[in-house]
1. Condition check: small (G, A, S) and either touching a Phe, Trp or Tyr at 6+ places or on another chain (Cβ under 9 Å) or more than 11 Å from the ligand (Cβ to nearest atom) (or both). Does G254 satisfy that?
2. For segment 286-337, which positions are away from the ligand (no atom under 16 Å from the Cβ), under 19 Å from G270 (Cα atoms) and surrounded by 19 or more Cβ atoms within 10 Å (Cβ to Cβ)?
3. Conditions: (1) surrounded by fewer than 16 Cβ atoms within 10 Å (Cβ to Cβ); (2) away from the ligand (no atom under 16 Å from the Cβ); (3) not acidic (D, E). F200 meets all but one. Number of the miss?
4. Picking from I280, I299, which residue would you name as being part of a helix (DSSP H, G or I), under 16 Å from V257 (Cα atoms) and at pLDDT 95 or above?
5. Within segment 265-283, does at least one residue satisfy the condition of being buried (at least 24 other Cβ atoms within 10 Å of the Cβ), more than 12 Å from the ligand (Cβ to nearest atom), within 23 Å of G29 (Cβ to Cβ) and among the hydrophobic types (A, V, I, L, M, F, W, C)?
6. Quick one: how many residues across segment 19-33 are within 11 Å of the ligand (Cβ to nearest atom) and of a type in the set (V, I, T)?
7. Can you tell me how many residues in segment 126-157 are among the hydroxyl-bearing types (S, T, Y), part of a loop (DSSP other than H, G, I, E, B) and surrounded by 12 or more Cβ atoms within 10 Å (Cβ to Cβ)?
8. Given the residues I176, I171, which is the only one that is among the aliphatic types (A, V, I, L, M) and surrounded by fewer than 22 Cβ atoms within 10 Å (Cβ to Cβ)?
Amino acid sequence: MQYKITLIEGDGIGPSIVQAAVRVIESTGVEIQWDKQYAGEDVMVQTGTPLPEETLDSIRRNRVGFKGPLTTPVGKGFRSVNVQIRQILKLYANLRPALSFAGVPGAYENIDVVVVRENTEGLYSGVDYWVDEDQSAGISQNIITRKASERIVRFAFEYAKDKDRKKVTAIHKANILKCSSGLFLRVASEVAKDYPEIEFEDRIVDNMAMQLVKRPQEYDVLVTTNLFGDILSDLCAGLVGGLGLAPSGNIGDGIAVFEPVHGSAPKYKGKNKANPCSTILSGALMLDYLGEQEASKKILKAVASVIKKGEDVTYDLKQDRNDASAVGTQEIADAIVKEIRSTK
Ligand code: NAP
């Protein structure tokens, strides 16, 4: 079977890490026709919009997209294209696994946590405005609905059931944000009753941050609202070795876009330095979503093997970040491709 998938290389390090990941994905033997589309900073300069309608139409048509990071101007300029893609295409579940790899310096061992983040509302709803022309105060509304809360918590439990996971933890701030976070917690507790075989618990977000740093191995599937999920998933990425190892999928009903958790890291643009593993592992998530479990596992195994050997790895996976023996983006991808080919 041949799949047609929308490909968006993205900004900054995007083209380099996406090209590396495409080579790895193709080396599994899964046949993919890439439908290359554009979004982000450069296309904004050329066309006046950072998210052309053709790009959205391509994802709607193909039902699956694979993308690199897109730059969002900080504190000014256009709205995040990433957030727009998730909201317009109703990609309501953001799946962000954090998995330990042997050989990663300074990282905890035996972590296997999946953050399931609500992707369409909360503080990222887009209701964000100044109260006056002097910009002396700003308001960002935290919109939480019963519908989206139920949908994301059910997604987390179904994911746990499908992947044979044992526990779902709902994360909130219901002690202070009684209406928004309180509603999320209430709905989560209701949905949990439909899954008696899966343990359910809840944590207040600040405590959760501390618990994750102290005893991350105790957690399994975490489900939470948009901003908390964004922050805690980066925290989890840090626990297993950094953003270079953090993949994600944005999943809706019959439509999904896969991308690394991290941003466009502009300081590494054109330097062949960034770790492509986050994008490569997003490719593995995409293959799993497509039903290509064998190919997905091949990628995971090859990435683990290359990291464990510790020779052909990027700067972020070395004990000393300035280690001159660190390889570049394309070279670690070459090593992963070689590993996949050798296990055929
Ligand atoms: P970032 O691009 O994620 O980079 C932050 C730091 O994370 C880097 O300086 C680097 O750390 C590390 N890092 C990121 N990617 C890495 C990789 N592939 N390999 C190794 N290390 C990696 O965050 P940012 O600088 O805050 O944001 C830059 C732009 O990206 C912003 O415009 C932001 O809005 C956008 N962004 C986009 C997305 C998305 O497209 N989904 C997500 C987040 C941010 P060291 O400095 O320690 O090497």
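The values are calculated or read from the model by the stated rules, or taken from the named source; none is laboratory data. What you see is a predicted model, and the numbers here were worked out from it, not measured in a lab. Backbone-built Cβ (ideal geometry, glycine too); neighbour counts: all protein chains shown.
1. On the way: small (G, A, S): yes; either touching a Phe, Trp or Tyr at 6+ places or on another chain (Cβ under 9 Å) or more than 11 Å from the ligand (Cβ to nearest atom) (or both): yes.
Yes, satisfied.
2. Across segment 286-337, there are no qualifying residues.
3. F200 satisfies all of (1) surrounded by fewer than 16 Cβ atoms within 10 Å (Cβ to Cβ); (2) away from the ligand (no atom under 16 Å from the Cβ); (3) not acidic (D, E) except (1).
4. I280
5. No, segment 265-283 contains no residue that is buried (at least 24 other Cβ atoms within 10 Å of the Cβ), more than 12 Å from the ligand (Cβ to nearest atom), within 23 Å of G29 (Cβ to Cβ) and among the hydrophobic types (A, V, I, L, M, F, W, C).
6. Residues of segment 19-33 that are within 11 Å of the ligand (Cβ to nearest atom), as a first pass: 20-21.
Among the residues that remain, those that are also of a type in the set (V, I, T) are: none.
Matching residues across segment 19-33 total 0.
7. Just the residues of segment 126-157 that are among the hydroxyl-bearing types (S, T, Y), to begin with: 129, 136, 140, 145, 149.
Next, only the ones that are part of a loop (DSSP other than H, G, I, E, B) stay: 136, 145.
Pick out the ones that are also surrounded by 12 or more Cβ atoms within 10 Å (Cβ to Cβ) and you get 145.
Adding up the residues that qualify gives 1.
8. Details: I171 fails: surrounded by fewer than 22 Cβ atoms within 10 Å (Cβ to Cβ).
None of the other options fit; the residue is I176.
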